[in-house]
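Data block below; observations after.
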Amino acid sequence: MKVYHLIYEPSYKSAVFHHWTECNLDCKGCFCRVEKLDFGLFPDALERLKDKAPETAPTDFLESPEEALKLLEGCELERAVFIGTEPALDPDLPALAKALHQKYGSYNVLLTNGVRLCDLSAIDEIIFSLKAVTNAIYQDYTGRSNEKTLDNFKKVHASGKKLQAECLLIPGLIEADEVEKIAKFIATVDKDITLRIDGYFPIPGCPWRGATPKEVTEASQRAEKHLAKVNYLSADLPRQGEKPLRLFG
Ligand code: SF4
């Protein structure tokens, strides 16, 4: 398996699996390059990121879904989340999701860039990172076309699977205007799909400043013109819930 880090969030009865694969995108603002541990582990993750040296690839991985279940013994589990450097490319993700369904009946959520989909039969909800619908912006940011992602987004919706979208507001690159275009695209698929807008926070080696809470709020208001449900995260919002437990990695 490609899971190198596992945390448990007692407040949400939630396990977060961090995968490390050779991602099929090359996003300029990929924070996994500077922090591979879960942000929830640190009282001030943004402060920790300042001047942090680039990460190296992990060397220890969970061997099997059984090992994951063993680590979770004694934890009440209602939700499992798969994140990291493109979890859909982990060939063992479907088996892991299935094992969690069988043992806990967990609600399984996959965060993906949507370029390539895996077997989704044990995934209950997919959150697509759409990044940009203007292909030139997407290409500039990720190094490839957004055609597959947008196509897969429509396919997953047509399959009836629960679907959400997220995007990043990056001043000087992915601005409110682009966020509104993303919202318009989502509305052409289904205006009831939720969009979450994350305000970019500075990452060492990247040229952009962080998005201000005001900018994130304004982008959110523009998206709300097209979609029924929009929410946002900006760097000033405090962490909710108890500190997670570090189970692996
Ligand atoms: S899709 Fe995600 S993991 Fe892959 S390069 Fe982009 S931000 Fe990083």
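Every number here is computed from the coordinates shown, using simple stated rules; none is lab data. Not measured: the values here are computed from a predicted model. Note: ideal-geometry Cβ built from the backbone for every residue, glycine included; neighbour counts use all protein chains shown.
When the charge dipole of the chain is built from unit charges on Cβ atoms (+1 for Lys and Arg, -1 for Asp and Glu) and taken about the Cα centre, the candidate among 56, 11, 249 whose Cα reaches farthest toward its positive end is 11.
Peptides 221-230, 104-113 ranked from most to least packed by the mean count of surrounding Cβ atoms within 10 Å: 104-113, 221-230.
Would you kindly state how much longer the chain becomes between residue 59 and residue 46 on full extension, computed as 0.36 nm times their sequence separation minus their alpha carbon distance, in nm to one decimal? Each step should come with its number before you reach the end.
Working: separation 13, 0.36 × 13 = 4.68 nm, distance 2.49 nm.
Fully extending the segment from residue 59 to residue 46 adds 2.2 nm.
Within the same chain, lysines fewer than 8 places from residue 103 are excluded, and of the rest, those with a Cα less than 28 Å from its Cα are 2, 13, 36, 70, 161, 162, 243.
Enter the angle in degrees (range 0 to 90, nearest 10) between the Cα long axis of helix 93-104 and the first principal axis of the Cα atoms of the chain, meaning the one along which they spread out most. Compared with the principal axis, the helix lies near 60 degrees. Around the Cα centre of the chain, unit charges on the Cβ atoms of Lys, Arg, Asp and Glu (plus for the first two, minus for the last two) sum to a dipole of about 420 debye.
Taking every DSSP helix (H) stretch of at least 4 residues in the chain, weighting each as -39,500 (n - 2.57) and dividing the sum by the residue count yields a mean residue ellipticity at 222 nm of -8500 deg cm²/dmol.
Can you tell me which aspartates and glutamates have their Cα less than 13 Å from the Cα of residue 154? Leave out same-chain residues fewer than eight positions away. Candidates past the 8-residue exclusion: 190.
Taking 17 Å as the straight-line reach from the Cα of residue 155, the lysines in range (excluding those fewer than 8 positions away in the same chain) are 191.
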